[in-house]
Every structure is written in structure tokens, then in C-alpha cells.
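Encoded as C-alpha cells, the structure appears first; notes follow it.
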């Protein structure tokens, strides 16, 4: 029982910083894309680069997977290898809640009830092959793609987009795939 309480406390301490929605470091709110076709967005997305959460700092081979549930919620599974490509496989689960009147581009991502972290689909290519997920606090950001790597010019363009959103891109970590 003691281990369960310690585990729950660690999870809660890790996700509490994710809960905020107001901008603290950016002077303007991050604009979501106009519309997301949620069923088309589902599937696997490789994390190409991120300003990582505590859990992702040593992630290798990171993949975020989305599965639409009949009730409209999005079952999310984040899996990665800890510390190296042959490191221990770690898996985290969350539930995404698409917020009304946002063109399906703003979600609340819930790792621990009742906290729903802000999740803004801030840029999405028309072919649904690459995406930038952002937060108004500019504490975390994710560049993801349907493939494990991106050509350097495309990656550089996405980094420029992240910078234009008000992020310090020196904090970006390329995730080994």
C-alpha cells in the first residue's frame, strides 16, 4: 500500500505542472489550427523533438498513439525506451478530451483525474504527416511525425514554427528514433 501511495504521489507531482492553461512566459496565446479531423489524426506519431516533460528527458524511440473511443474521448498511449534504444520499455496512458468550439484542435489531456493538461494542436500539415503540439505556458512542446525521421529542411522549418510560437528552441531535444 505504501508503494502505491508513493507512486500516486510521484505521478501527481509530475503532472501538476502540466495543468495550467494561462500563458506565463509567452506574451500571446498560441493559436490552434482551424480544424482537426479527429479520426484522421488517430494512429501513431513519432516524437521527433520536444521540450520534454520530466518523464521524456531520457526517452528514445518515443511514440504517441491515439485511438478514438465511441464516446469521443481519445485513448492515448505514450511509449518509449528509457535511456537508450535498448532501454526498458516504458508506457504511459492518458485520455484526451476534445474541447467544444475549438475545431477539435484544443484538448484536455488527463493523466490523473481530475487534472486535464492543455494540449493545443498548433500546426498540422494538410496531409496529417507532421504536427506541433504546444501549450500556452510554453513549458513543453512536441514536434511529431508519422515517420521516425524527417528530412533536415522539414525539421528546420518546424523548429522555426516552434520559435515563432514564442518557445526557446535551444531547449528542444531531438528524440533518437
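May I ask you to compute the full-extension gain from residue 71 to residue 174, defined as 0.36 nm times their residue separation minus their alpha-carbon distance, rounded to one decimal in nm?
Separation in residues times 0.36 nm, less the Cα-Cα distance, equals 33.6 nm.
Of 37, 156, 71, which is the most mobile in a GNM of the chain whose springs link Cα atoms less than 10 angstrom apart?
In this elastic network of the chain, the residue with the biggest mean-square fluctuation among 37, 156, 71 is 71.
Once R0 is set to 30 Å, what does the formula 1/(1 + (r/R0)^6) return for the Cβ-Cβ distance between residue 28 and residue 89, expressed as a FRET efficiency to the nearest 0.05?
After rounding, the FRET efficiency stands at 0.15.
Tell me, 79, 54 in order of fewest to most beta-carbon neighbours within 10 Å?
The most exposed by this proxy come first: 54, 79.
Roughly how many whole Å is it from the C-alpha centroid of region 120-159 to that of region 62-115?
Each part reduced to its Cα centre gives a spacing of 16 Å.
Which whole-number value in Å³ per residue fits the convex hull of the alpha carbons of region 99-177?
120
Compute the Rg to Rh ratio over region 44-169 from the alpha carbon atoms, using the Kirkwood formula for Rh, and round to two decimal places.
My calculation of the ratio gives 0.94.
Can you give the Kirkwood hydrodynamic radius for region 33-114, in Å, rounded to one decimal and based on Cα pairs?
Computed over region 33-114, the radius equals 13.7 Å.
None of the figures in this text is laboratory data; all of them are computed from the coordinates on show. All values reported here derive from a predicted model rather than from experimental measurement. Positions of Cβ are generated from backbone atoms using ideal geometry, with glycine treated the same way; all protein chains shown enter the neighbour counts.
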